[in-house]
1. If you take every residue apart from D38 with its C-beta less than 15 Å away from the C-beta of D38, what net charge results, scoring Lys and Arg +1 and Asp and Glu -1?
2. How much area per residue is accessible in the chain when the probe is 1.4 Å and only protein heavy atoms are counted (Å²)?
3. Per the 1.4 Å probe, what fraction of the accessible area of the chain, in percent, lies on carbon and sulfur atoms?
4. Below 14 angstrom from the Cβ of Y102, what's the summed charge of the other residues (Lys, Arg +1; Asp, Glu -1)?
5. Scan the chain and report its longest stretch carrying no GluC sites (Glu not before Pro) that are both in a DSSP loop and have at most 10 other Cβ atoms within 10 Å.
6. How charged is the neighbourhood of S137? Take every other residue with its Cβ under 13 Å from the Cβ of S137, and add Lys/Arg as +1 and Asp/Glu as -1.
7. Quick one: of the DSSP bridges fully inside region 169-289, what percent are antiparallel, nearest 5?
8. For region 181-223, what class follows from the C-alpha gyration tensor (a ≥ b ≥ c being the square roots of its eigenvalues): rounded when a/c is under 1.5, otherwise prolate if a/b is larger than b/c, else oblate?
Amino acid sequence: MMDLVSPLLALCSMIATPQGDQPARLLSFDRLEARLDDPDLRILDVRPRDSYDAGHIPGALWVDASAVEATASVPGALEDPKAWGDWAAGLGLGPDTAVYVYDANRQKDAARFWWLLSYLGVEEVGLIDGGFPLWQSEGRPVSTDEPEVDPRPFPVRLRPDRYASRSDVLDAIESGSAQVVDARSEAEHLGEEARSTRGGRVPTACHLEWATLVDEQGRFLPEEAIRPRLEAIGLEPGRPVITHCQGGGRASVDAFVLQRLGFPSRNYYLGWSDWGNAGETPVESGAAPRRP
């Protein structure tokens, strides 16, 4: 089967990012299948345990996504390198290990882990372009064997260029140092659906719903389908962005896509669960006002 490399992948492989950083990596099914025996490849399956047990990509290690999500949502948890080092040790990562993640939820769960591992300092981490149901439907290899992984200390190096706090978002609003990108639904963005004490959006935030960047099979849309939309919402090429949603996952999809397209991206991981429950943060609702 030919490896069809999208224009997005081809272009973004050539984009230089600040400080020598590498763009977010996207691995096609064909390239993944060719590397299944690579000892320096760690594949992470972040689907529910029963789905993993029923069949997974050969060599994939199951990770308890719900437990990690719960831990990361606790205020202050993302600033605790020791706790994350203890967790990452179970992944058995070496200095040359490449990590790729997949799910069956249109990348929303996988992207969360891509962002987290990137933030913790994993050098090569990316996503697999398509979910497990598509992999299986194409007749690709499936296994029920669980790999044995020896725990290995992982030196966590928290990357502030990946993470944004509430104060960082406030600064972005006031100084224009970054464009705030809202990955939630339109109803949440407009304030018609509130999942926190207050509904609405961060002032100046533009709307780029995560689900519009990925097809139903979990494959990312090509660059030519995304670039015009970024221009329409006012994103300037190469300008830093801060993505957010309610609690990190949807914003990670936006951050992945924007990082690949040359936008230095930070994730306001606590997102609206933090902003919408804080009484002093500014909030807009309804149709967006015209900006000067």
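The values are calculated or read from the model by the stated rules, or taken from the named source; none is laboratory data. What you see is a predicted model, and the numbers here were worked out from it, not measured in a lab. Cβ sites come from the backbone with ideal geometry, for glycine too, and all protein chains shown count toward neighbours. Surface areas here come from the heavy atoms of the whole protein model, side chains and all, with no ligands, DNA or RNA. Shrake-Rupley method; radii C 1.70, N 1.55, O 1.52, S 1.80 Å.
1. -2
2. On a per-residue basis, the chain sits at 44 Å².
3. Roughly 51 percent, rounded to a whole number.
4. +4
5. The answer is 1-147.
6. Summing Lys and Arg as +1 and Asp and Glu as -1 gives 0.
7. The antiparallel proportion sits near 20 percent.
8. Because a/c hits 1.5 or more and a/b exceeds b/c, region 181-223 counts as prolate.
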